[in-house]
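Only one structure is covered here, and it is reproduced in the block below.
The values are calculated or read from the model by the stated rules, or taken from the named source; none is laboratory data. Note that this is a predicted model, so its numbers are computed, not measured. Because the Cβ atoms are built from the backbone with ideal geometry, glycine has one as well, and the counts that use them run over all protein chains shown. SASA here: full protein model, heavy atoms, side chains in, ligands and nucleic acids out. Shrake-Rupley method; radii C 1.70, N 1.55, O 1.52, S 1.80 Å.
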Amino acid sequence: MTETKKKNSWHLTDEKPFEALRILASITVALIVTFIVLCFVSDQPLHDFIQLLILPLTKANYFGYVLVKVIPLTFAGLATLLYFRMGLFNLGTEGVFYFSGVVATYFATNAAFTTGNGFIDSLVPIVMAGIAGGLLSLLPGYLNAKFKTDEMVISLMLNNILYGVGFWIVKTFLAISGTTGTSSAPFTSSARLETIIPKTQVHSGLIIALAMVVFVWVLLYKTKLGYSIRISGINPKFAMYSGMGAFGTFMLVHFIAGAIGGVGSAVELLGMYKAFTWSTLPGLGFSGAMITMLGKNDPIGVLVASFGISYLRASAQLLANSTPYIDIKMISIVEVILTLLISSQFFLQRWRSRQLLKQEKEAEKHAD
């Protein structure tokens, strides 16, 4: 009877409820800090704070703006998640996103690959960008596996190389002759993704992003490869001695992660742009790492974290048009605080320890 009651009991100190509590507490602390900052810089801090929280809900096109921002963050988070699950700190999604976008642009602007069929014309650039992203990601993986190089350093260096090469390709081969700037020729109309919510910018890439979340979840929790990935991240030596850390598996994970980033790049370009106009790296390497940490290395968590960050960023950018006190830089402070608190192993840990001790003493009293 006692064992059954204990098994069915639910406490905030249990692992999953405690993680949920820690995330909720982190969000609360970050929002409090935001309000405190507004108190120093704004004439009406309470009004601006409330607007920051509710503005995207006031109009359909505002909320649509949130959803389109979710898409690239979700892809970046899912790509980085696979690296983190393997115990790797790879930030190469940044360069992969940029260069894969160049590859997608080549196929989306070239009349030779245009059929007039919207599904085929958008599918080809997306697939080719995914393949390019996967192949590019093999390089840091190979160097790490064969020569034990630092994957973070290699991925960061590769980002700059891919940006330089990609920028040169756009300027030399893809740009319209006689024009200045970094814009490519326009995408063919049939290659662009369709809008799925009227009067908003929300395109079919949102469906692809949601499908990718399901794919990564199934991969991690329902396949042998996913089990190997999770075990390798927890205990690399055990995985290696069990035959799970094989070179082929290691490289396959890199290819899948890179392919996810490549697909995300093509989806973002074909859904939100008329031509390739990225003059700098898109900034999704560190964002992907942040989203992964906020989402606790879980695909569903990545989606939730992407929505939360997108909501705050969209709200800040919308408010920037009407108030000088709120902009994306302020939201960056919130993001840093959230990441530090949620990823910290010590935040609320003392409270949990005291609660566990208290529960143990109560259990001893009932046993007596």
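Spacing of the modelled spin labels on Asp150 and Asp14, each 7 Å from Cα toward Cβ, amounts to 4.2 nm. Stretching the chain fully between Val127 and Gln201 yields a gain of 24.4 nm (0.36 nm per residue, less the alpha carbon separation).
Holding the Cα-Cα limit at 24 Å, pick out from Lys274/Lys329; Lys171/Lys274; Lys69/Lys199 the pairs that are longer than that. From Lys274/Lys329; Lys171/Lys274; Lys69/Lys199, over 24 Å: Lys274/Lys329. The value of relative contact order for the range 60-318, using C-alpha pairs under 8 Å at least six residues apart, is 41 percent. Fully extending the segment from Met272 to Tyr62, taken as 0.36 nm per residue of separation minus the present Cα-Cα distance, adds 74.1 nm. Please determine, in degrees from 0 to 90 and to the nearest 10, the orientation of helix 328-343 with respect to the longest principal axis defined by the Cα atoms of the chain, where the helix direction is its Cα long axis. For 328-343 against the chain, the angle is about 40 degrees. When Asp43, Asp327 are compared by accessible area at a 1.4 angstrom probe, the order from most to least is Asp43, Asp327.
The angle between the Cα long axis of helix 60-85 and the longest principal axis of the Cα atoms of the chain comes to about 70 degrees, rounded to the nearest 10. Taking the accessible area of the chain, probe 1.4 Å, and keeping the other protein chains in place, the carbon and sulfur fraction comes to 66%. Between the exposed loop cleavage positions of the chain, defined as trypsin sites (Lys or Arg not before Pro) in a non-H, G, I, E, B DSSP state with at most 11 neighbouring beta-carbon atoms within 10 angstrom, the longest gap is 200-368. Rounded to the nearest 10 square angstrom, Thr277 shows an accessible area of 60 square angstrom against a 1.4 Å probe.
What the Cβ-Cβ distance of Ile161 and Leu356 gives, at R0 = 56 Å and to the nearest 0.05, is a FRET efficiency of 0.70. Taking a ≥ b ≥ c as the square roots of the eigenvalues of the Cα gyration tensor, the range 60-318 is prolate, since a/c reaches 1.5 or more and a/b is larger than b/c.
In the chain, the sites counted are chymotrypsin sites (Phe, Trp or Tyr not before Pro) in DSSP loop states with at most 10 other Cβ atoms within 10 Å, and the longest stretch holding none of them, exclusive of the sites, is 11-345.
Seen against the Cα atoms of the chain and their longest principal axis, helix 284-294 is set at about 20 degrees. Cross-link partners for Lys16 among the aspartates and glutamates, with Cα-Cα distance under 20 Å and sequence neighbours closer than 8 places in the same chain left out: Asp298, Glu360.
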